1. From 209, 214, 257, 242, which residue is closer than 28 Å to residue 25 by Cα and under 23 Å from the mean Cα position of the chain (by Cα)?
2. Can you report the number of residues in segment 477-527 which are at pLDDT below 95, over 20 Å from residue 161 (Cα atoms) and of a type in the set (Asp, Glu)?
3. Within segment 490-506, take every residue that is in a helix (DSSP H, G or I) and more than 23 Å from the chain's Cα centre (by Cα) and give me the one that is farthest from residue 338 (Cα to Cα).
4. Test of understanding: among 56, 79, which residue is closer than 23 Å to residue 182 by Cα and of a type outside the set (S, T, N, Q)?
5. Would you check which residues across segment 301-333 are at pLDDT below 90 and outside any helix (DSSP H, G or I) and list them?
6. Cβ-Cβ under 7 Å, sequence separation 6+ or interchain: first residue in segment 236-261 and within 25 Å of residue 511 (Cβ to Cβ), partner modelled with pLDDT of 85 or more and acidic (Asp, Glu). Which pairs?
7. Among the residues of segment 146-166, are any assigned by TED's automatic domain parsing to the domain that holds residue 84, in contact with a strand residue (DSSP E or B) (Cβ under 9 Å, 6 or more places away or on another chain) and closer than 24 Å to residue 49 by Cα?
8. Please verify whether residue 426 is within 22 Å of the chain's Cα centre (by Cα) and either in the same structural domain as residue 247 (by TED's automatic domain parsing) or modelled with pLDDT of 95 or more (or both), treating the condition exactly as stated.
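The values are calculated or read from the model by the stated rules, or taken from the named source; none is laboratory data. This structure is a prediction, so every number in the text was calculated from the model and none was measured. In this analysis, Cβ positions are derived from the backbone assuming ideal geometry, glycine residues included, and neighbour counts consider all displayed protein chains.
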Amino acid sequence: MKPPDAATAPFRFSVVVPTYNRRDLVVRTVLALGETARPWPCELVVVVDGSTDGTAEALRALPLDLPIRVIEQENRGAASARNRGAAEARGEILLFLDDDMIVEPDILVEQARVFESETADAVVGHIPAHPETPVNLLTTGLRRWAEDRRDRLVRSGGRLTLGDLLTGQLAVRAEVFAALGGFDENFTDGGTFGGEDTDFLYRLLLSGARAQFAPDAVSYQMYRVTPRSYLRQWRQAGHADARLSRKHVGLGDLLAAEHAVDALRGRVTRALASVADLVPEPVKEAIRRPLVERVEAGHTDRQTAAAFTYLRDTCYWSGARAGGGLVRRLAEAPRILAYHAVEDVADPRIGDYCVPPAQLEAQLGALLDRGFSFIGADELLDYLDGGPLKGPSLVLTFDDAYRSVLEHAAPLLRRLGIPATIFAVTAEIGGTNSWDAGDGAVSLPLLDAEGLRALHADGWEVGAHSRRHAHLPQLDAAGLRDELVTPRAELAAAGLPSPRLFAYPYGEHDWRVRAEARAAGYAAAFGLREPRRLPRPGSRYALPRVEVLRRHSPDDLVEAVLGPALADPRSVARREGLALAGTVSRATGRPAAVGFRAAP
């Protein structure tokens with residue numbers, strides 16, 4: 001797949017639209033494209049993927065002030081149609097649009113502006129539901145999702161993750177598309193749904209390409225999906241995700257987290273999926289028919305919405321099971337450590353949260369001796385986006401932004417080459433730990449803006465720890481928003497980058513708090529776990545951390561990170577009939593915290 005030379009490409013944009021048996025919709029899409037502002041030459045390539053409803057003839061008959069080519073092929077699926085259109089295109093930039101997207105007249109101008117001002121390789125825009133889209137349970141959720149997505153991406157400065165990149169409206173430089181080899185046509189071979197877009201966009205992000213959000217590049221979706229088709233698509237999406245998790249090591253965790261916003265719902269629907277696979281299809285149809293008919297009739301009440309959500313998720317996990325299940329890499333998940341002050345404080349209330357400098361050095365040394373390496377915020381976010389880790393990894397964080405971190409921890413970490421993140425309570429920058437005053441605790445100084453900037457200049461990530469160290473689940477909507485949104489502006493006003501990471505005060509969070517953290521534009525958020533319990537990976541807005549206290553010896557911390565069994569390798573060897581064999585895992589060939597070989 002050879003792209004046109006950007007310097008000699010006859011068109012600035014090639015708009016590629018795949019379509020299958022949706023003549024009336026695609027005609028509206030094409031007519032709207034004909035009304036767009038185009039300060040430079042552009043073309044339209046429509047690939048008719050085996051349609052039998054007269055689509056090709058209707059398109060060729062349209063009077064358009066836009067060069068259009070209508071290409072017909074046998075039905076091979078969306079991935080094949082997009083690749084065919086890209087191969088025929090002669091533009092510098094490829095804009096892929098679904099056949100149900102009605103664009104605003106300035107969409108190409110807005111796309112071009114972001115390409116030029118942000119030096120982007122790929123751009124996606126805002127895709128709200130079209131005003132003519134029927135109001136029902138499915139479209140109500142679509143409308144809410146589209147607006148929440150736009151607000152969140154604007155707040156985060158346009159940082160795109162895998163779930164934000166959608167081929168419904170995706171512009172990508174032709175040379176970048178060609179270098180990636182286009183879409184994998186195996187995912188949609190035979191007309192199935194899903195997988196090819198996530199696969200391409202994942203490869204796009206891993207390639208290092210810069211993807212940016214264009215909030216003013218708008219295309220309205222004319223959503224025309226029945227509840228039965230919707231459920232079928234979710235089952236096919238689960239099957240496709242199982243394939244994705246095998247093609248790309250690391251994607252399984254990301255995909256599972258995307259479908260585990262509510263842990264209870266996730267457990268229930270996975271269990272229901274395993275039971276449903278044993279039930280004959282006529283019985284399943286009899287069970288779901290009344291609910292599907294309620295949705296078809298336009299019911300949007302809370303009970304119907306909740307039941308249909310469970311049914312949808314069950315279909316997803318059933319499809320994933322049919323595809324062999326999502327391949328996870330939970331054992332590789334980085335462990336995250338949470339410290340507070342780094343000083344010797346003899347106070348019965350908060351003294352245990354203050355680790356003396358010598359003890360911090362001993363704790364970190366014990367972990368380094370066990371083969372761990374420390375990663376920073378960039379590597380953690382890459383991992384959460386599905387990227388690989390180099391080996392057993394730890395993330396070091398400090399809550400509250402005490403002055404002692406700059407005085408005692410920063411020099412030690414600089415010497416050891418360990419990156420770290422500090423979380424500031426933004427209304428108390430330059431103040432003290434006032435949230436402990438009610439308990440009569442000793443007052444400790446916090447970093448001022450100059451100190452936070454010094455840490456940032458030294459390579460530290462500066463995150464937010466709320467405005468006032470509040471108990472977030474107890475707040476109303478306005479108070480919660482203030483505690484999560486305002487710190488972004490306050491840290492920016494202090495001369496620091498808008499924070500990417502958030503740590504919940506006291507480790508407290510619920511679904512409201514997690515949803516607000518995502519909506520506020522944070523890329524990830526952290527909770528806490530008991531120090532002697534091995535933390536379980538969760539969603540990127542509920543990342544568990546081991547809280548490190550003064551009372552924990554270096555061996556205690558090793559046990560908290562590895563779990564009691566692995567903390568004592570000989571106990572594992574005795575139980576499994578293994579003998580110690582150095583520090584290289586034969587399974588991966590990478591350095592490991594503990595390596596074994598079969599005992600003779």
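1. Numbers: 209 fails: closer than 28 Å to residue 25 by Cα; 257 fails: closer than 28 Å to residue 25 by Cα; 242 fails: closer than 28 Å to residue 25 by Cα.
Within the list 209, 214, 257, 242, the selection yields 214.
2. Of the residues in segment 477-527, 2 are at pLDDT below 95, over 20 Å from residue 161 (Cα atoms) and of a type in the set (Asp, Glu).
3. So in segment 490-506, the residues in a helix (DSSP H, G or I) come out as 490-493, 505-506.
Subset that is more than 23 Å from the chain's Cα centre (by Cα): 490-493, 506.
Details: 490: 23, 491: 21, 492: 24, 493: 26, 506: 11 Å.
Residue satisfying both the conditions and the ranking: 493.
4. None of the other options fit; the residue is 79.
5. 323, 324, 325, 326, 327, 328, 329, 333
6. Cβ pairs passing all conditions: 255/241; 259/313.
7. For segment 146-166, residues assigned by TED's automatic domain parsing to the domain that holds residue 84, in contact with a strand residue (DSSP E or B) (Cβ under 9 Å, 6 or more places away or on another chain) and closer than 24 Å to residue 49 by Cα: present.
8. Details: within 22 Å of the chain's Cα centre (by Cα): no; either in the same structural domain as residue 247 (by TED's automatic domain parsing) or modelled with pLDDT of 95 or more (or both): yes.
When the stated conditions are applied, residue 426 does not pass them.
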